[in-house]
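A.B. asks: I'd like to ask you about the structure that follows.
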Amino acid sequence: MAIVQLQSYRASPSPSLHSEVADKLRERIFTGQLQPGAFLDEPSLCESLSISRTPLREALKVLTAEGLVRHEPRRGCFVNAVTEQDLDEIFPVIALLEGRCAFEAARHASDADLGELAVLHKKLQKLAAAGKIAEYYASNVLIHEAIIHLANNRWLAQCIADLRKILKLARLQQLHAPGRLAQSVAEHMAIFAALQARDPEGAEAAMRTHLTRQRTALRELSKNKKGRLSI
């Protein structure tokens, strides 16, 4: 079973106009063009996207259902902001779900699958050694998606994809925490070693540890930022 990205679980009919608009708005949110808490001005968005209000409002309904946008009666729509409490609640859930994916991947992965994962992990190590955090993050995402795919459970994949959209709102920067990059590489190699050993319980435990430590790193970064702001 060849490794493909997580999106392969989704059906891919020709996108409607409102789904295209939702994609464009989602990208603006994830790249920071639309910041958390920002008011989504409908006339301005219609003009910039060259659309009428109908597909825009349908797109906003989609993003509201995903949790990326919130609608306030008589005020309009705003980009959602993720709180520390949200992160405390989401990370244990995603650790549980991705841990299960690692468990299933260890059971299902073929030698060819493990070979492809080996290539991804070698690249990850090189990027970490070079300190290329943005590229490391992108490679890290590919590895997570590959493991999710190998679990071969579309319900797990869908739940994880929905939660990761919310986490993107936090502009996660945990790899900038002191020592976190090296720690992240070590955690990934531990997961991969368990997969190679066909050790489902070990892979699950290693993945849970990896995601739990991500939350710990984010919490420490948040504390440090608050400390600097109070000086």
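A.B. asks: Would you mind checking which residues have amide H under 5 Å from Lys132's amide H? H placed 1.01 Å from N; only 5 or more apart, or other chain.
C.D. replies: For Lys132, whose amide H was placed from the backbone, there are no distant partners under 5 Å.
A.B. asks: Another question, then. Read phi for every residue in the range 75-82 and hand back ³J(HN,Hα) as whole Hz from Karplus 6.51 cos²θ - 1.76 cosθ + 1.60, θ = phi - 60°, with x for Gly and Pro.
C.D. replies: Ordered by residue, 3J(HN,Hα) equals 10, x, 9, 9, 5, 5, 10, 8 Hz.
A.B. asks: State, to one decimal in nm, how far the label point of Val119 lies from the label point of Ala161, with both points 7 Å from Cα in the Cβ direction.
C.D. replies: 2.3 nm
A.B. asks: Would you calculate, for the chain, the mean residue ellipticity at 222 nm contributed by helices, counting each DSSP H stretch of 4 or more residues as -39,500 (n - 2.57) and dividing by all residues, to the nearest 500? Don't skip to the answer; put the middle values down first.
C.D. replies: Details: 9 runs with 163 residues, N = 231.
Result for the chain: -24000 deg cm²/dmol, rounded to the nearest 500.
A.B. asks: Right, next: Of the cross-linked pairs Lys24/Lys123; Lys24/Lys168; Lys123/Lys168, which ones have a Cα-Cα span greater than 18 Å in the structure shown?
C.D. replies: Values: Lys24/Lys123 30 Å; Lys24/Lys168 15 Å; Lys123/Lys168 23 Å.
Violating the 18 Å limit, Cα to Cα: Lys24/Lys123; Lys123/Lys168.
A.B. asks: Ranked highest first by the average count of other Cβ atoms within 10 Å around their residues, in what order do 142-153, 26-37 fall?
C.D. replies: Listed from highest to lowest mean packing, they are 142-153, 26-37.
A.B. asks: Amide H neighbours of Leu34 under 5 Å, counting only residues 5+ apart in sequence or on other chains, H built in-plane at 1.01 Å?
C.D. replies: Amide H neighbours of Leu34: Ile29.
A.B. asks: Which residue fluctuates most in the GNM of the chain (Cα springs below 10 Å): Leu40, Leu167, Leu60?
C.D. replies: Maximum among the listed residues: Leu40.
A.B. asks: Length gain on complete extension for the stretch Phe39 to Val141, per 0.36 nm per residue less the alpha carbon to alpha carbon distance? Mind showing how you got there, number by number?
C.D. replies: Working: separation 102, 0.36 × 102 = 36.72 nm, distance 2.95 nm.
Full extension from Phe39 to Val141 adds 33.8 nm.
A.B. asks: For the range 209-221, what does the Karplus curve 6.51 cos²θ - 1.76 cosθ + 1.60, with θ = phi - 60°, yield as ³J(HN,Hα) per residue in whole Hz, taken in order and with x for Gly and Pro?
C.D. replies: For the range 209-221, the Karplus-derived couplings read 4, 4, 6, 5, 6, 4, 5, 4, 5, 5, 5, 5, 4 Hz, x marking Gly and Pro.
A.B. asks: Compute the long axis of helix 53-66 from its Cα atoms, compare it with the longest principal axis of the Cα atoms of the chain, and write down the angle in degrees, 0 to 90, nearest 10.
C.D. replies: 40 degrees
A.B. asks: May I ask you to sort Met207, Met189 by Cβ crowding, counting other Cβ atoms within 10 Å and putting the fewest first? Walk me through the numbers before you get to the answer.
C.D. replies: Working: Met207 29, Met189 14.
Final ranking by Cβ density, sparse to dense: Met189, Met207.
A.B. asks: Using only alpha carbon pairs under 8 Å that are at least six residues apart, calculate the relative contact order of the chain and give it in whole percent.
C.D. replies: On the way: 265 pairs, mean separation 62.0, N = 231.
Answer for the chain is 27 percent.
A.B. asks: Another question about this same structure. Tell me, what ³J(HN,Hα) does each residue in the range 113-129 have, in order and in whole Hz, if you take phi through Karplus 6.51 cos²θ - 1.76 cosθ + 1.60 with θ = phi - 60° and put x for Gly and Pro?
C.D. replies: Using θ = phi - 60°, the values come out as 4, 5, x, 5, 5, 4, 4, 4, 6, 4, 5, 4, 4, 5, 5, 5, 4 Hz.
A.B. asks: Could you give me the radius of gyration and the Dmax of the chain, taking only the C-alpha atoms into account and expressing both in angstrom?
C.D. replies: 19.2, 57
Read-outs: derived from the displayed coordinates by stated rules, not from any lab. Everything quoted here is computed from the prediction, not taken from an experiment. Backbone-built Cβ (ideal geometry, glycine too); neighbour counts: all protein chains shown.
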